[in-house]
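All remarks here apply to the structure that follows.
Taken together, the values in this text are just the output of simple stated rules run on the coordinates, not laboratory data. In this text the structure is predicted, and so the values were computed from the model without any measurement. For neighbour counting, all protein chains shown are included, and Cβ atoms are generated from backbone atoms with ideal geometry for every residue, glycine included.
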Amino acid sequence: GDSVTQKQGQVTLSEDDFLFINCTYSTTTYPTLFWYVQYPGQGPQLLLKVTTANNKGISRGFEATYDKGTTSFHLQKASVQESDSAVYFCAPRGKLIFGQGTKLSIKP
Amino acid sequence: EAAVTQSPRSKVAVTGGKVTLSCHQTNNHDYMYWYRQDTGHGLRLIHYSYVADSTEKGDIPDGYKASRPSQENFSLILELASLSQTAVYFCASSPTGANTEVFFGKGTRLTVV
């Protein structure tokens, strides 16, 4: 069956650092993937989505890409800020499953 | 303005007691979900519903019941609460199934003692 994995449980960066987190989704069909962000004390909310056809999604300074060779989705941001501290989840379209989440902590 | 409202936001329950978590949505969405969040496990689907008066089991339904009396309301019921059910519970809704964005409530923190 399909499975989605986020191996990076926690990432700690300083302000203005580059962010790069991964989500691996194994499927036999062409995937579309959603990235959700959960701020402290809140429920998850949609950040952006990426499809293999478009190969890239962009929102709020975040960019999501897909690497067909490794079946991995990547979420990146050029310069993180303290306000980006949150948990980031990936979720394949068409499935009611989420990755384990990557907690991003930003040192002020 | 919040489209998915959960109540209560926090609850302490005793082991063996009955707990009901409530969810109300004003999105006019057909699908509603209950997820559980534990540290290190992300979000896991307990029950969901795509129409009033009908519910479906998710990935971890054991120990939980769900009720969808109307399109707007979806409840999660723990008949006999256990320590292992201590977690944060999220209700969510979407217009169709998982092909579209899912809108979450703010969560209910349940502590079973």
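Here is how the numbers come out for the structure above:
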| item | result |
| --- | --- |
| 10 Å Cβ neighbours from other chains, averaged over peptide A:35-47 | 4 |
| Cross-link reach list, aspartates and glutamates versus B:Lys18, counting only Cα pairs under 19 Å and skipping chain neighbours closer than eight places | B:Asp62, B:Glu79 |
| Calculated over chain B: convex hull of Cα atoms, volume per residue (Å³) | 92 |
| Between region B:76-97 and region B:4-32, the alpha-carbon center distance in angstrom | 7 |
| Under-23-angstrom lysine pairs by C-alpha in chain A, whenever the two are 8 or more apart or on separate chains | 20 |
| Taking chain B and dividing mean pair separation by its residue count, relative contact order in percent (alpha carbons under 8 Å, at least six apart) | 36 |
| Candidates B:Gly42, B:Gly58, B:Gly16, ranked by Gaussian network fluctuation over chain B, Cα under 10 Å, top entry | B:Gly42 |
| Student exercise, chain A dipole from Lys, Arg, Asp, Glu Cβ charges, in Debye to nearest 20 | 340 |
| Part-to-part distance (alpha-carbon centres) for region A:85-103 and region A:1-25, which is given in Å | 10 |
| Diffusion constant of the protein assembly as shown at 4 °C, which comes from Stokes-Einstein with the Kirkwood Cα-pair radius and 1.567 mPa s, µm²/s | 72 |
| Mean separation of Cα contacts under 8 Å (6+ apart) over length of region A:1-104, as relative contact order % | 37 |
| Whole-Hz couplings from phi, Karplus 6.51/-1.76/1.60, listed for region A:63-74; x for Gly and Pro | 10, 10, 10, 10, 10, 5, x, 10, 6, 10, 9, 10 |
| Cβ neighbours within 10 Å from other chains - mean over B:64-77 | 0 |
| Within 10 Å of each Cβ in B:42-51, the average number of Cβ atoms from other chains | 4 |
| Percent antiparallel among DSSP beta bridges (both partners in chain B, rounded to 5) | 90 |
| Karplus 3J(HN,Hα) series, Hz, for region B:71-85 with 6.51 cos²θ - 1.76 cosθ + 1.60 (x for Gly, Pro) | 4, 7, 10, 8, 10, 10, 10, 10, 5, 9, 5, 10, 4, 5, 8 |
